[in-house]
Amino acid sequence: MNLYTRCLHCGTTFRVTTQQLQASSGQVRCGQCKQVFDAFATLTALEPQSTASEPETPSPTQSELPPAAPPVTKSAPTPLPVRATEKPAAAASRPDPAASLYEWEFRMPVVPRRTGLWVSLSLLLLALLAFQAAYAFRSELMVLVPQSRMYYERVCEWLGCTVALPRLARYLHIEASDLKAPDPARPSEIELLVAVRNRAPVEQDYPAFELTLTNSQEQTIARRVFLPAEYLQWIDAADGLQAGAELPIRLFVDAGELRAAGYRIYLFYP
């Protein structure tokens, strides 16, 4: 790619290469007026319209540039000697956009930061994260802040969903239990009595429980899971187990030929 520069003193145009400019940091001596000038100040990739013949390309070690074409202007400026301690004159500005591509530092244009866009996206992601956390830990939040259930119900009315009751099994405790055969004539029919208390500060869903029958060596001989629908039909239950309320469970189980010596009860939510 051909590059051209113009002497700042006599206006003579020269053809140069990047190797020449990099070797001398852009400081070259005009072959017409013998003045030193900054070639980067007027560097351009546009070929001068007044160039009549192909300009000579100087070698990389050449410090004095021959003219690439006759001077564009015929003005005769007064030569100014350059002292060894003085820096050569340079243009105040570089209006040619092509010159910045061949600067010694090879600076790239700085892209303006879109701070407002990033802030908006960050706030949107934080809002989505907070919404997911509020949904995932809704049971814990309703325990810590019981008034939050009202806001959950309002949001569900707007979204067309329902708020399920909390399921916190660690707040359910078995206050009392008993397993016996009420009729000695029918030992296979046994009666299970369980009292479950909700120690959570909020209303909870009814739990399921697992009944395990064991023999005299505490080995499992039978296991059965009872869902709320199986034991709630015998009691007058509300929508959920109220805070601090006790749930009495009474079931009749046919053990058949099994002779249970013990039992275990485990409360859980499926």
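The values are calculated or read from the model by the stated rules, or taken from the named source; none is laboratory data. The structure presented is a predicted model; accordingly, all values stated were derived computationally and were not measured. As a convention, Cβ positions derive from the backbone with ideal geometry for all residues, glycine included, and neighbour counts pool all protein chains shown. All accessible areas refer to the heavy atoms of the entire protein, side chains included, with ligands and DNA or RNA removed. Shrake-Rupley method; radii C 1.70, N 1.55, O 1.52, S 1.80 Å.
Can you tell me which residue is nearest to A245 (Cα to Cα) among those in the stretch 194-206 that are open to solvent by less than 60 Å² (accessible area, probe 1.4 Å) and touching a strand residue (DSSP E or B) at 6+ places or on another chain (Cβ under 7 Å)?
Going through the qualifying residues, I end up with N198.
Only residues that are open to solvent by 90 Å² or more (accessible area, probe 1.4 Å), part of a loop (DSSP other than H, G, I, E, B) and over 15 Å from D205 (Cα atoms): list them for the stretch 248-270, please.
Step one: filter the stretch 248-270 for residues open to solvent by 90 Å² or more (accessible area, probe 1.4 Å), giving 250, 252, 254, 257, 259, 264, 266, 270.
Of the ones still in play, those that are also part of a loop (DSSP other than H, G, I, E, B) are 257, 259, 270.
Hits for the stretch 248-270 are E257, R259.
May I ask you to list the residues in the stretch 165-182 that are open to solvent by less than 60 Å² (accessible area, probe 1.4 Å) and at pLDDT below 85?
L165, P166, A181, listed by residue number.
What strands (runs of 3 or more DSSP E) completely inside the stretch 1-89 contain at least 3 residues that are at pLDDT 50 or above and surrounded by 20 or more Cβ atoms within 10 Å (Cβ to Cβ)?
Per the criteria, 3-6, 13-16, 36-38.
Quick check, is E191 open to solvent by 40 Å² or more (accessible area, probe 1.4 Å) and touching a Pro at 6+ places or on another chain (Cβ under 8 Å)? Show your work before the answer.
Working: open to solvent by 40 Å² or more (accessible area, probe 1.4 Å): no; touching a Pro at 6+ places or on another chain (Cβ under 8 Å): yes.
Judged against the criteria, E191 is not a match.
Among (1) more than 22 Å from A164 (Cβ to Cβ); (2) free of Cβ contacts under 8 Å to residues at least 24 places away in the same chain, where does G256 come up short?
(2)
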